[in-house]
4 protein chains.
Amino acid sequence: MSAPKFAGIIPPLCTPFHSDFSVDTESLRRHLGVQLDAGVHGIFVLGSSSEVAFLPDTQRRTVLKTAVEVVAGRVPVLAGCIDMTTLRVAEHVKAAEQLGADAVVVTAPYYARTHAAEIERHFRLLAERTELPIFAYDIPMAVHSKLDPRMVLRLAEDGVLAGLKDSSGDEAGFRKVLLGKQERGLDGFAVFTGSELVVDAALAMGADGAVPGLGNIDPAGYVAIYEHSLAGNTEAARREQERLLKLYSITDVAPAGRMGRSSAGLGAFKAALKIRGFIDNAVLAPPQLPLNAEELSLIEFKLTEAGLI
Amino acid sequence: MSAPKFAGIIPPLCTPFHSDFSVDTESLRRHLGVQLDAGVHGIFVLGSSSEVAFLPDTQRRTVLKTAVEVVAGRVPVLAGCIDMTTLRVAEHVKAAEQLGADAVVVTAPYYARTHAAEIERHFRLLAERTELPIFAYDIPMAVHSKLDPRMVLRLAEDGVLAGLKDSSGDEAGFRKVLLGKQERGLDGFAVFTGSELVVDAALAMGADGAVPGLGNIDPAGYVAIYEHSLAGNTEAARREQERLLKLYSITDVAPAGRMGRSSAGLGAFKAALKIRGFIDNAVLAPPQLPLNAEELSLIEFKLTEAGLI
Amino acid sequence: MSAPKFAGIIPPLCTPFHSDFSVDTESLRRHLGVQLDAGVHGIFVLGSSSEVAFLPDTQRRTVLKTAVEVVAGRVPVLAGCIDMTTLRVAEHVKAAEQLGADAVVVTAPYYARTHAAEIERHFRLLAERTELPIFAYDIPMAVHSKLDPRMVLRLAEDGVLAGLKDSSGDEAGFRKVLLGKQERGLDGFAVFTGSELVVDAALAMGADGAVPGLGNIDPAGYVAIYEHSLAGNTEAARREQERLLKLYSITDVAPAGRMGRSSAGLGAFKAALKIRGFIDNAVLAPPQLPLNAEELSLIEFKLTEAGLI
Amino acid sequence: MSAPKFAGIIPPLCTPFHSDFSVDTESLRRHLGVQLDAGVHGIFVLGSSSEVAFLPDTQRRTVLKTAVEVVAGRVPVLAGCIDMTTLRVAEHVKAAEQLGADAVVVTAPYYARTHAAEIERHFRLLAERTELPIFAYDIPMAVHSKLDPRMVLRLAEDGVLAGLKDSSGDEAGFRKVLLGKQERGLDGFAVFTGSELVVDAALAMGADGAVPGLGNIDPAGYVAIYEHSLAGNTEAARREQERLLKLYSITDVAPAGRMGRSSAGLGAFKAALKIRGFIDNAVLAPPQLPLNAEELSLIEFKLTEAGLI
């Protein structure tokens, strides 16, 4: 029985832009450095927190190339290959191979109305086309279908999937995967939660790690949760998670009626990254709307309160 | 008051593939010829019926290039620019300009959770970047948000949108747009229904035309509806539409539990196109599942019954 | 072949309240009289427009009893039996029988997660328990499932359903029912649209009638559409429907962010009924929010513009 | 600071029926006895697991009356008051008062399209009408809206709500309520999870207790989780929860395509209760479909495997 190659805290990196929406690679390098210094166990680029849905393919390549260079093999680099269907995803997977990613992360098909049998076929066809480990990315909020725990386990057993990044918010389904993994002895199958507010709970249930968007802003906090959890110190893990839950309220400063949740959440993340000096510019890709001055002040206040500035 | 440049029957062309999923341009040329011979008033490539969500960018370009060449200016060619957000769509728009499309067709953003104000901003930003007429493509089934009739009218009035292709199935909302168009004197704004089973009704309400998926198989039928409608012969239009409604049952031969609606519907369309000799190969892009032999026989039977073979 | 017993314009009656939310039977009688004088062909009480979801059973009985008395057999009275599942609906059906309704109107089950086979079973079990004609009420907006046209036709053929009241907004599915009715020779099966903005189109497709919420305010307008349609005067029907479409904008005076669609729509209906003198009090049942003074003025302005006051 | 009056394991009792769907009060008494003997800390009748949506009001009253009698004050009895809107719910609340319930459990309005401000108003209006403690029941799967954690906390602070029963599956939102409770010092506000597969995690986060459907079948298991958790023995709590997670697979024996989730889940619960001898008859209220012989055998096998028979 071997421990999974992928474990621990793997933040889904935000993508800093110049004001023309080209990738600000200097900020990206600095931000990557901050994460690595904090002791993260991997880097996930081109996930939803990276605004991957907003990035043209050229920018996606720049992000991945920069990450692979900066990380230089110290930790694994996972690359989101986010597109609608098999052939389009396969092209992103090919690019990830060429640029040196250590694994790819793939959602269920979207836009076209799909079916469970077709979702399963999607992952199987992609696995036939690449040697890279494939993580299934369960994100019904974005793709409007949920991965069935039984399908995930079947694909893990068949060697199609190397891991799961579960951002579904369905902790009961997540736990079914964890239990199934244990029952089937799938020790190498890496199960990550994307639910950044219950990382301590996920680890206590046996998750291999977490991919917390809020980790962009406070990677050390999440690394601490992981270490407390490994050490069996559930109380300390809980206190740290609660501290981060409080910090997460920065994503609520923009009222629901004014902009989308993506703008409100990622806008807050990027504003905080700028305030903390990790990146230079908090601009979001279009058509997302910007936070206003009052909302930005409130974020600054909350960061001060959290002792992060 | 000028009539809209875009009017009549504009079928959303299916994309024939070779068995390796490369575009079968020979079949595509033949299929385009069939449509033009039937008297259609425009060609819409790279819409949902084309499996646009399944086509890599190279194949998308091949499709559009072929269509522009074959059509050779006889009718307008509309190009779907289907992607998640503004910058990605802008790249498809740029390609459409270069390849000679007469208009582009754009959905609301998807994957990222969006907001009405961001949907509107999306269309406005794209209009700033192109001289091509932009059609809004209202397809909540795919993008999981519905375009507000009031926003559509505002964008039409401001010259952002040249037209609407409404595949929402919401005929009441469609009619609000038609009424608003009339009240504001927006004669050049082209309003098309994508609901292929109520084209006669849409035309009777004042729609400029239709983009019927089933038109791939029986373009003459839809052209007849349009002509009957122009001639004020609503009864003949209705009879023709009812005949096509009966034919549409080919999309129901695969039971709901076995595959997605996309596979069942597009699989039936392509099977019928092959049976009628318009294309050589009925294969669907992955991960869609194929119809089985029994289902294919049933489609053949229905086409015979309809007098189409 | 016999014409259906149920045909024409059957408004879904709003329920006037006293300020303590008891039924204002005096207003209800007056409002019923207005409808009958306008020549409506039936009365539907206890539908969604009646705030049936807000009415305790005692009030429901008062409404039905009053309607049966006032109508006195001149036209049929349909009674909504709106509840979550079979046994609860069966009790409302029993009450409808006792109070003299001519038909009952029943939705798919809701609250509990249901399944197509269970929806079908629901209607079959209810039909075993009553002699009254049963209308299926297709209203996915409220019950979160859509009735399958093939199931509706099967139940019509088996004598389980006497009619359909389709408020789904899915005109293509509606037309499948109409076509299937014709193909199977189900002449006695009454198909009504609940889409008050496309009544002319529904009648042109062969619908037996309409159940228009807006008919509360302008029953004569809908009766005129029906008569124009019977007379084959589609152009006059269309003009009348467009006039009513314009009037329908009273339901949009409250901004989407301030209250639910039910409050905004029913609040506007009841305000208009009060302004026209059909009822005394425009109060909505809790927890619905009231329109404000500015919104009420705007409704009054729109009614004046429409020549209704 | 006082501990909440409501804490611990409060199973949402299944309702045993005779074959004519009248309440089998003898089985109900026996089943209540089993629960009390196992040491549960309260009884919740007329929740979703009780088939409340399927029970006519008379049966609801029989259930509550029986529970109050059998429990005889040893633990609190909570009564679901599940209906669509304020006035209808108020009648159930009145009945609960008369029959001696210790608290009522109320969902957001449903059927009518509602709005956050109206949901809040709903709870406030009900609180004005009763002295009984009100629990908010967050169950978006049934009512199609989610309670906002900030609203829940506001209502707790204002004394409108005495507790929350969160069956939303949204553990992050649940935790926001727990954190808010702690920050505001709302010690008397009782926060329960309805997610029966993560009870150990919910308790570790600070929840006051759980309302586990599966507790019907194995109340002692859930009581053990609670006791381990109080004693700080998180590892033992986790092992017990994992055992129950395995048992929960009885709800999956019916394939998704054959019946609704309600039938599959509650059918399995009732079958297990009958096998264990807690109730006499496993029949479900209509229109739910029954499990077949093969599925029942599989449940029996799983219970044997679990050492429960």
Check: Along Cα→Cβ at 7 Å, what distances in nm separate the C:Gly33 label point from those on the other copies, shortest first?
Finding: 6.4, 7.5, 8.6
Margin query: Measuring from the axis that superposes chain B on chain A, report the chain B residue with the minimal C-beta distance, rounded to whole Å.
Written below: B:His144, 3
Item checked: Value at 222 nm in deg cm²/dmol, rounded to 500, when DSSP H runs of n ≥ 4 in chain A each add -39,500 (n - 2.57) -> -14500 deg cm²/dmol
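So, with a 1.4 angstrom probe, what is the percent of accessible area on the protein assembly as shown that is carbon and sulfur?
Ligands and nucleic acids excluded, carbon and sulfur give 51 percent.
How many Cβ atoms of partner chains, on average, are near each residue of B:282-289 if near means within 10 Å of its Cβ?
Per-residue shielding by partner chains comes out at 6.
Taking the Cβ of B:Asp57 as the center, what net charge do the other residues with Cβ under 9 Å away carry, scoring Lys and Arg +1 and Asp and Glu -1?
My count for the surroundings of B:Asp57 gives 0.
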Margin query: Using protein chains only and a probe of 1.4 angstrom, how many square angstrom of A:Leu125 are accessible, to the nearest 10?
Written below: 40
Item checked: Label distances, nm, A:Phe301 versus same residue in remaining copies, Cβ-directed 7 Å point -> 3.8, 6.1, 7.1
Item checked: Translational diffusion of the range C:8-233, µm² s⁻¹ [Kirkwood Rh, Cα pairs; Stokes-Einstein; 20 °C; 1.002 mPa s] -> 123
Checklist line | Residues with amide H under 5 Å from that of C:Phe44, placed H, sequence gap 5 or more | finding: C:Leu13, C:Leu78
Check: Taking each full run of DSSP H in chain C as one helix, which ones are at least 15 Å long along their axis (Cα atoms) and have mean Kyte-Doolittle hydropathy of at least 0.0?
Finding: C:219-230, C:261-275, C:293-305
Item checked: Net charge contributed by nearby residues that have their C-beta within less than 14 Å of C:Thr25 (K/R +1, D/E -1) -> 0
Next item on the list: Could you work out which residue, out of C:Ala237, C:Ala72, C:Ala117, moves most in a Gaussian network model of chain C, that is, has the largest mean-square fluctuation with Cα springs under 10 Å?
Entry: C:Ala117
Item checked: Net dipole in debye of the protein assembly as shown [+1 Lys, Arg Cβ; -1 Asp, Glu Cβ; about Cα centre; nearest 20] -> 0
Notebook entry, point to check: For the range D:8-233, what is the charge dipole size about the Cα centre, in debye to the nearest 20, if Lys and Arg each add +1 at the Cβ and Asp and Glu each add -1 at the Cβ?
Noted result: 400
Checklist line | Selected from A:Leu164, A:Leu46, A:Leu291 as most flexible by GNM, with chain A as the system and alpha-carbon contacts under 10 Å | finding: A:Leu291
Margin query: With unit charges on the beta carbons (Lys and Arg positive, Asp and Glu negative) and the dipole taken about the Cα centre of the range C:8-233, which residue among C:Ala112, C:Val199, C:Gly33 sits farthest to the positive side?
Written below: C:Ala112
Next item on the list: Between copies, how far apart are the B:Arg74 label points? List them in nm, one decimal, shortest first, with each point 7 Å from Cα toward Cβ, please?
Entry: 6.2, 6.4, 8.6
Next item on the list: Would you tell me the mean number of C-beta atoms belonging to other protein chains that fall within 10 Å of each C-beta in D:50-63, as a whole number?
Entry: 3
Check: Is there a pair in D:Lys65/D:Lys176; B:Lys274/C:Lys165; B:Lys65/B:Lys165; B:Lys94/B:Lys146 whose C-alpha atoms are over 31 Å apart, and which pairs would that be?
Finding: D:Lys65/D:Lys176; B:Lys274/C:Lys165
Checklist line | C-alpha center-to-center spacing [the range C:1-56, the range A:227-275] in angstrom | finding: 52
Item checked: Listed residues B:Asn281, B:Asn292, B:Asn216, most fluctuating in chain B (Gaussian network, C-alpha, under 10 Å) -> B:Asn292
Note to self: Under 5 Å between amide hydrogens, which residues at least 5 positions from D:Tyr137 or on another chain qualify, with H placed 1.01 Å from N in the peptide plane?
What the structure shows: D:Val106, D:Thr107, D:Ala108, D:Lys165
Checklist line | Translational diffusion of the range B:50-161, µm² s⁻¹ [Kirkwood Rh, Cα pairs; Stokes-Einstein; 25 °C; 0.890 mPa s] | finding: 171
Margin query: Could you work out the relative contact order of the range C:34-112? I mean the mean sequence separation of Cα pairs under 8 Å and 6+ apart, divided by the number of residues, in percent.
Written below: 32
Notebook entry, point to check: Any idea of the total accessible area buried by the D-C contact, 1.4 Å probe, rounded to 100 Å²?
Noted result: 4200
Next item on the list: Note down the net charge around D:Thr66, summing +1 for each Lys or Arg and -1 for each Asp or Glu among other residues with Cβ under 12 Å from its Cβ.
Entry: +2
Item checked: Cα-centred dipole magnitude for the range B:60-187, charges only on beta-carbon of K, R (+1) and D, E (-1), debye, nearest 20 -> 220
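The values are calculated or read from the model by the stated rules, or taken from the named source; none is laboratory data. Nothing here was measured: the structure is a model prediction, and the numbers come from that model. For neighbour counting, all protein chains shown are included, and Cβ atoms are generated from backbone atoms with ideal geometry for every residue, glycine included. Heavy atoms of the whole protein, side chains included, go into the accessibility calculation; ligands, DNA and RNA do not. Shrake-Rupley method; radii C 1.70, N 1.55, O 1.52, S 1.80 Å.
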